[in-house]
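Reviewing the structure listed below.
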Amino acid sequence: SGAMLNIELKQSATKVDEDDPFAEMTERRFQTIGFGSGVVIDRSGLAISNWHVVDAATNPDGSSRPDHAVYASVFGGKTYKVTVLSISREDDLSLLQLELAPGEEVQAVELGSSERLLIGEEVAAIGNPHGKANSITFGVVSAKDQGIKVRGRWAKLEHLIETDAAINGGNSGGALLDMQGRLVGINSAGGG
C-alpha cells in the first residue's frame, strides 16, 4: 500500500503584478485543479503515472510550468512535492520523482509481467477515483494487446490490457496489480 500514490495537481491562485519588482518575493497560494494516481517503482522515489494526469503542469517540451505544482501522498497521508522528469504523450505515461529528504526511501511496488498475464486472470486496480484515496476494484483480464482512441488524448493508445475492473476519473495513473500484488499495468482510461 505504501507504493500507491494519490496525485494532486495545483495551480497558482496568486495574482502577480508584472510591474512590481518585488512580485517574485510574494509567496504563491495554490488551488487544487485535479486528481490522479501513481505508483512508486523505486525506493529512491521514482514513480510513474499517466501523462494526462500531469499535462496541465508541463509545457509542450515536457518542462515544468512555474505556476503549477504536483504533489503525491502515500497511504498514511505523508505528502511529497513531485518533479516531472519525463513524459510520453504517445504512451500516456509520465516519469515522476518524489522530493525525498536526504537518506529517505519510500516503499516501491514489485514489478510483474504483463506479457505473462492470461485472459481471465484476476487483477486489481488501485487509485484515487473522484478524490477517494486508495480505492480498489477487482476484475479479470478480458483482452490483451488492445488499441483505443480516447477523446482528448494525443494519439491512439496501443498494446493495452483490457479489464472489467471499474476505472473512474482519478484512477488514471494508478496501479493495475496481479493477485500477488505485482505491477502489471498503469490504469489509463475507462470505457463504456
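The values are calculated or read from the model by the stated rules, or taken from the named source; none is laboratory data. Quick caveat, the model's predicted, so the values are computed rather than measured. Cβ coordinates were reconstructed from backbone atoms using ideal geometry, including for glycine residues, and neighbour counts include every protein chain displayed. For the accessible areas, the whole protein counts, side chains as well, though only heavy atoms, and no ligand, DNA or RNA atoms are used. Shrake-Rupley method; radii C 1.70, N 1.55, O 1.52, S 1.80 Å.
Values computed for the structure shown
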read-out	value
Charge dipole magnitude, Cβ of K and R +1, D and E -1 - the chain, Cα centre, debye nearest 20	420
Cleavage-rule hits (trypsin sites (Lys or Arg not before Pro)) in segment 42-143: DSSP loop, at most 16 neighbouring Cβ within 10 angstrom	Arg43, Lys78, Arg89, Arg116, Lys132
GluC sites (Glu not before Pro) restricted to segment 87-190 and DSSP loop, no more than 10 other C-beta within 10 Å	Glu115
Exposed chymotrypsin sites (Phe, Trp or Tyr not before Pro) absent: longest stretch of the chain, with sites in DSSP loops and at most 16 other Cβ within 10 Å deemed exposed	76-153
Residue-normalised accessible area of the chain, expressed per residue, 1.4 Å probe, Å²	55
Protein accessible area in segment 129-170, 1.4 Å probe - carbon and sulfur %	53
Alpha carbon centroid spacing (whole Å) that separates segment 47-94 from segment 104-138	19
Net charge of Cβ neighbours under 13 Å - reference Leu176; Lys, Arg +1; Asp, Glu -1	-3
